[in-house]
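Following: one structure in structure tokens, then a few remarks.
The numbers here are math on the coordinates, done by the rules we state, and not lab data. These figures come from a predicted structure and were not determined experimentally. Here the Cβ is made from the backbone with ideal geometry for all residues, glycine too, and neighbour counts use every protein chain on show.
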Amino acid sequence: MSVTLKKHVPIGIMLILTIVLMVEYFFVVPDSYIVVTNEAKSFTVVIAAFAMALGAFNILQMHGKKVVEKKSGWKYSAWIITVMVIFIVVGLVGGSKSYWFVWLWECLLRQPDATSYSLIGFVAIYSIYMAFRIDSREILYFTCIWVISFAANAPIGPLVFPWLPGVQGWLKMVPNSAATRGFYIATALSAIVIGIRTLIGRTRAGME
Amino acid sequence: MSVLVEGRVAGLAFLSLLAFLISYYTSQIESGVKEKIRTIPAMEAIDEAIGRSVEQGKPALITYGYFDDINPAIMTGLEMVGYVAKVAAEKGCELIIAVGPTRTLNIAIENYRLGCVEAGRPELFNIDNVHYLTHQQFTYLAGMYGLLNEYEPGAYIGIGWFWVDAIHIGTQVKRLGIFGIGGAEKYDAGAWFLLTMDYSAFGAEIYAMGASMSKDTTAIGGIISTDLATCISVAILIVGSILAATGSNILATLMLL
């Protein structure tokens, strides 16, 4: 495929669409223009569906090859294909609201998902036990604030030290809020820069 | 009748300023002006991580999270896949790639292949080393547990979109004695990486990592512009706070124009 088709045409389309959408966001435009931008926005759903289909096709190709060639772990590959096909067939036949699709979703996916989520508390304690070596200033600050928050939230904490909830509240509302805002400002600005770089085709994740 | 939408004038002005700064610094760098950018320890540690894997005769594992969207964090992770693939191929290290998001699976494979080609070792590209894990958070996590325990890699590099899965992955990495580098956009995931990884980065740092390793002039211009824009934002916050404390709301009015 030529460079023009592979790189320049998609960047051109992306640039035009971004300008069109930005004009709608910043400038007062007629209703007919909004109809055009809404149409452009609805295309994102179509493109996303295509990308999803491409991903699914790739999974089928990668794992199908493993199954055919009986490579190590081919049984897992066969299982992923089986589950994918079951979900697609049930979803296409009955729709995403059908009893069997909901049953598959709720019983096969949601329950193990919730179980893993509920393990976080134990994993966090385990992680803290293993990794909480105070070997840097950052970890020291982290530990001090963690101890204060932990003690303030425990029922016995405020009984022994009545001033603890106040300290915890101040830490949360003042230094934490200030740092979080700074964090979000820097992150948002960096994200905008990534967007601008993508727009002019200078990111590798874009279209090389 | 106003041409601009009310309340978005300041946003447009700030965006224009950012675009101007990027274009100015990019042209400066392209004309040969040397601009020094800060180094990020997590970025510098990638070479060490791959080198360690080679010494141990183990593969290195890279992932960019599970979120099925093309957002800046995922894009940075994808850039990182290409970069790490190149470094690993140069050093002759086998690279395992764990992919969560379905939509970006092809981009990850292509970046991995390009990394090997750029290193002059296209034969090291092995599609069987790319493992698709799904974008369901805990299913992805179960896959990560499996890969970490199956391969016991010499190094783990996880830069991209993570949430509470960061603590689970980090704990496994620590338990198995793997050299870990973690980077997340979200600060809570970053905190877990700070706890469990040998090197960590979070927030704007991961974008700076992605940009600095690309060595692209726009990327370096972007890092400088971001830092300057952050300073301007902080200055606006400070001036605004002082003015508000003295009873003036002139800056707030300007920002809401």
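So, by mean Cβ neighbours within 10 angstrom, what's the order for B:123-134, A:189-200 with the highest one leading?
Working: B:123-134: 17.7, A:189-200: 21.8.
The peptides rank, most packed first, as A:189-200, B:123-134.
Test of the criteria: in segment A:4-52, which chymotrypsin sites (Phe, Trp or Tyr not before Pro) are in a DSSP loop and have at most 14 other Cβ atoms within 10 angstrom of their Cβ?
Numbers: sites: A:25, A:26, A:27, A:33, A:43, A:50; in loops: none.
Within segment A:4-52, no chymotrypsin sites (Phe, Trp or Tyr not before Pro) qualify (loop, at most 14 other Cβ atoms within 10 Å).
With N set to the number of residues, divide the alpha-carbon radius of gyration of segment A:72-118 by 2.2 N^0.38 Å and report two decimals. Write down the numbers at each step before the final one.
On the way: Rg = 12.6 Å, N = 47, 2.2 N^0.38 = 9.5 Å.
My calculation over the Cα atoms of segment A:72-118 gives 1.32.
Taking all pairs of distinct Cα atoms, average 1/r, flip it, and tell me the Kirkwood hydrodynamic radius of segment B:1-153 in Å to one decimal place. Could the numbers behind the result be given before it?
Numbers: mean 1/r = 0.0557 Å⁻¹.
Mean inverse Cα-Cα distance, inverted, gives 18.0 Å.
Please report, in Å, the Rg and the Dmax of segment B:92-220, where both are computed over Cα atoms only.
14.7, 40
For segment A:1-71, what is the Kirkwood hydrodynamic radius in Å, using each pair of distinct C-alpha atoms?
When all Cα pairs of segment A:1-71 are included, the Kirkwood radius is 15.2 Å.
Distance between Cα centroids, segment B:52-105 to segment B:143-207: provide it in whole Å.
12
What is the distance in Å between the Cα centroid of segment A:126-190 and that of segment A:28-103?
Between the Cα centres of segment A:126-190 and segment A:28-103 lies a distance of 42 Å.
Check the straight Cα-Cα distances from residue B:86 and name the aspartates and glutamates below 17 Å, setting aside those fewer than 8 residues away within the same chain.
Qualifying aspartates and glutamates at Cα under 17 Å: A:208, B:44, B:47, B:48, B:94, B:110, B:118, B:123, B:216.
Excluding residue A:81 itself, what net charge comes from residues whose Cβ is under 15 Å from its Cβ, given Lys and Arg +1 and Asp and Glu -1? Please report the intermediate quantities before stating the final value.
On the way: positive: A:65, A:66, A:70, A:71, A:75; negative: A:69.
Overall, the nearby charge balance is +4.
Between residue A:23 and residue A:142, what is the FRET efficiency for a Förster distance of 45 Å, r being their Cβ-Cβ separation, to the nearest 0.05?
Values: r = 46 Å, r/R0 = 1.01.
Calculated value: 0.50.
Given the Cα atoms of segment A:134-199, and with Rh set as the inverse mean 1/r over their pairs in the Kirkwood sense, what is Rg to Rh to two decimals?
Numbers: Rg = 17.3 Å, Rh = 14.2 Å.
Radius of gyration relative to Kirkwood radius: 1.22.
Using a basic spin-label model with each label point 7 Å from the Cα along Cα→Cβ, how many nm lie between residue A:92 and residue B:19?
The two pseudo-label positions are separated by 4.4 nm.
Rounded to the nearest 0.05, what FRET efficiency do residue A:200 and residue B:91 have when you use their Cβ-Cβ distance and R0 = 25 Å?
Details: r = 32 Å, r/R0 = 1.28.
Between residue A:200 and residue B:91 the formula returns 0.20.
Residues of A:22-30, mean number of Cβ from any other protein chain within 10 Å of their own Cβ, rounded to a whole number? Walk me through the numbers before you get to the answer.
Working: counts 2, 0, 1, 4, 9, 6, 6, 2, 0.
Across A:22-30, the average partner-chain Cβ count within 10 Å equals 3.
Within a 10 angstrom radius of each residue's Cβ in B:234-242, how many Cβ atoms of other chains show up on average? Whole number is fine. Show your work: numbers first, answer last.
Details: counts 4, 0, 1, 4, 0, 0, 0, 0, 0.
Mean partner shielding for this stretch: 1.
Scan around residue B:4 for amide H atoms under 5 Å from its own, H built in the peptide plane at 1.01 Å from N, and keep only partners 5 or more places away or cross-chain.
Those lying under 5 Å, H to H, from residue B:4 are A:28.
Lys and Arg at +1, Asp and Glu at -1: add these up for the other residues within a Cβ distance under 12 Å of residue B:96 and post the number. Numbers along the way, then the final one.
Working: positive: B:58; negative: B:94, B:128, B:150, B:152.
Local charge sum for residue B:96: -3.
Take every Cα-Cα pair in segment B:46-107 and report what % of them are more than 20 Å apart. Each step should come with its number before you reach the end.
Numbers: 536 of 1891 pairs.
Considering segment B:46-107, 28 percent of its Cα-Cα pairs are separated by more than 20 Å.
Would you mind checking B:58/B:186; A:7/A:66; A:6/B:215; A:6/A:70; A:66/B:174; A:66/A:97 for any pair whose Cα atoms are more than 26 angstrom apart? Walk me through the intermediate numbers first.
Details: B:58/B:186 30 Å; A:7/A:66 32 Å; A:6/B:215 22 Å; A:6/A:70 35 Å; A:66/B:174 31 Å; A:66/A:97 33 Å.
B:58/B:186; A:7/A:66; A:6/A:70; A:66/B:174; A:66/A:97, as the Cα separations exceed 26 Å there.
Once the principal axes of the Cα atoms of chain A are found, what is the range along each, listed largest first in whole angstroms?
Taking max minus min along each principal axis of the Cα atoms, chain A gives 69, 55, 38 Å.
Please quote Rg/Rh for the protein assembly as shown to two decimal places, taking the Kirkwood radius as Rh and restricting both calculations to Cα atoms. Please list the in-between numbers first.
Numbers: Rg = 24.2 Å, Rh = 24.6 Å.
My calculation of the ratio gives 0.98.
Looking only at trypsin sites (Lys or Arg not before Pro) in DSSP loops with at most 16 other Cβ atoms within 10 Å, what is the longest site-free stretch of chain B? Working shown, then result.
On the way: sites that count: B:8, B:34, B:36, B:38, B:215.
The answer is B:39-214.
Non-local amide H neighbours of residue B:64 (under 5 Å, H modeled in plane, Pro and chain starts lacking H): which ones?
B:100
Extent of chain B along each principal axis, from alpha carbon coordinates, in Å, largest to smallest?
The Cα atoms of chain B stretch 64, 42, 34 Å along their principal axes.
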